[in-house]
Amino acid sequence: MPTYNEAANLPRMAEAVLALPLGGLRLLVVDDSSPDGTGRIADELAEKYNAAGQDRMGVLHRTEKDGLGRAYAAGMTAALDDGASYVVQMDADGSHPVEAVPRMLKAALTTGAGLVVGSRYVAGGSLDEDWGAHRVLLSRFANTYARAVLGTDINDITAGFNLWSEQTLRDVGLGTLDSAGYSFQVELKYRAVRAGHRAVEVPIRFAERTEGTSKMTLRTQLESAVLPIRLRLRGR
């Protein structure tokens, strides 16, 4: 769970995640030196949830804010080094439904998929009603565009709520990814499928954040637009 200025959201998100009825579950927060004190709050939460010798939560502090993709790659690498069999990536702003995690894990275990996408764009999936028409159109266009360029069947290839098997993450080569921003979501899925791993999609309702502000910038949007073409030309 990467964070940057999520002090208002992290406590309730940590509580919700760690309340899931899943044995062996551990939460790793990757904080990019948030000026609002999110990193300090994460440390306090870890101390709380790790009381009595437990190891339920960890915090990875990064001193450089160099993109969401880099933060995810750092967190995933740390999770693998810690022995994780499956890694879930999700936002700290409450937009991804925590209660969907057990369903995503079940889908991986029953189908043998190396990637399970929490999908807005399959039957049963939806977007928050508070999303404006322009945001809905932009999101749908981004998915349609990336799918067409890359020739993939994943309906929500830009989704940021995903479950990965250990082997899938090792096969994609986290240290060799080109994407620093939101396009990381597309590149990682594309590489996973190219490496022969099956992807399945589980419907979710994507909620609007209630606290804080989005980190999406024009630069990240441009990067996301260019990446699919670059990947296709390289054949990666």
Fill in: Whichever residue in region 127-160 is of a type in the set (Phe, Trp, Tyr) and assigned to a helix (DSSP H, G or I) and, among such residues, is least open to solvent (accessible area, probe 1.4 Å)
Tyr145
Worksheet item: Restricting to region 177-233, what's the tally of residues that are modelled with pLDDT of 90 or more, over 21 Å from His96 (Cα atoms) and not in a helix (DSSP H, G or I)?
Response: 4
Discussion item. If I filter region 46-56 for residues that are open to solvent by 20 Å² or more (accessible area, probe 1.4 Å), touching a Leu at 6+ places or on another chain (Cβ under 7 Å) and among the hydroxyl-bearing types (Ser, Thr, Tyr), do I get at least one hit?
Written reply: yes
Discussion item. Criterion first (at pLDDT 85 or above, closer than 16 Å to Glu208 by Cα and either out of contact with any helix residue (DSSP H, G or I) (no Cβ under 8 Å at 6 or more places or on another chain) or not aromatic (Phe, Trp, Tyr) (or both)) does Ser139 satisfy it?
Written reply: no
Response to the item:
Scanning region 90-124 residue by residue, the ones that are in contact with a Ser or Thr (Cβ under 7 Å, 6 or more places away or on another chain) and open to solvent by 20 Å² or more (accessible area, probe 1.4 Å) total 2
Worksheet item: Take the residues of region 1-28 that are of a type in the set (Gly, Ala, Ser) and within 28 Å of Leu109 (Cβ to Cβ): which is surrounded by the most Cβ atoms within 10 Å (Cβ to Cβ)?
Response: Ala14
Item to complete: Evaluate the following for Asp171: is it of a type outside the set (Lys, Arg) and outside any helix (DSSP H, G or I)?
Response: no
Worksheet entry | Every pair of residues 6+ apart whose Cβ atoms lie under 6 Å, when the first sits in region 32-59 and is among the aromatic types (Phe, Trp, Tyr) while the second is modelled with pLDDT of 95 or more and open to solvent by less than 90 Å² (accessible area, probe 1.4 Å) | Tyr49/Leu18; Tyr49/Arg56; Tyr49/Met57
Practice prompt. Considering only region 37-94, state which residues are under 30 Å from Gly173 (Cβ atoms), outside any loop (DSSP other than H, G, I, E, B) and of a type in the set (Asp, Glu).
Written response: Asp81
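The values are calculated or read from the model by the stated rules, or taken from the named source; none is laboratory data. This structure is a prediction, so every number in the text was calculated from the model and none was measured. Reconstructed Cβ throughout: ideal geometry from the backbone, glycine too, with neighbour counts over all protein chains shown. Surface areas here come from the heavy atoms of the whole protein model, side chains and all, with no ligands, DNA or RNA. Shrake-Rupley method; radii C 1.70, N 1.55, O 1.52, S 1.80 Å.
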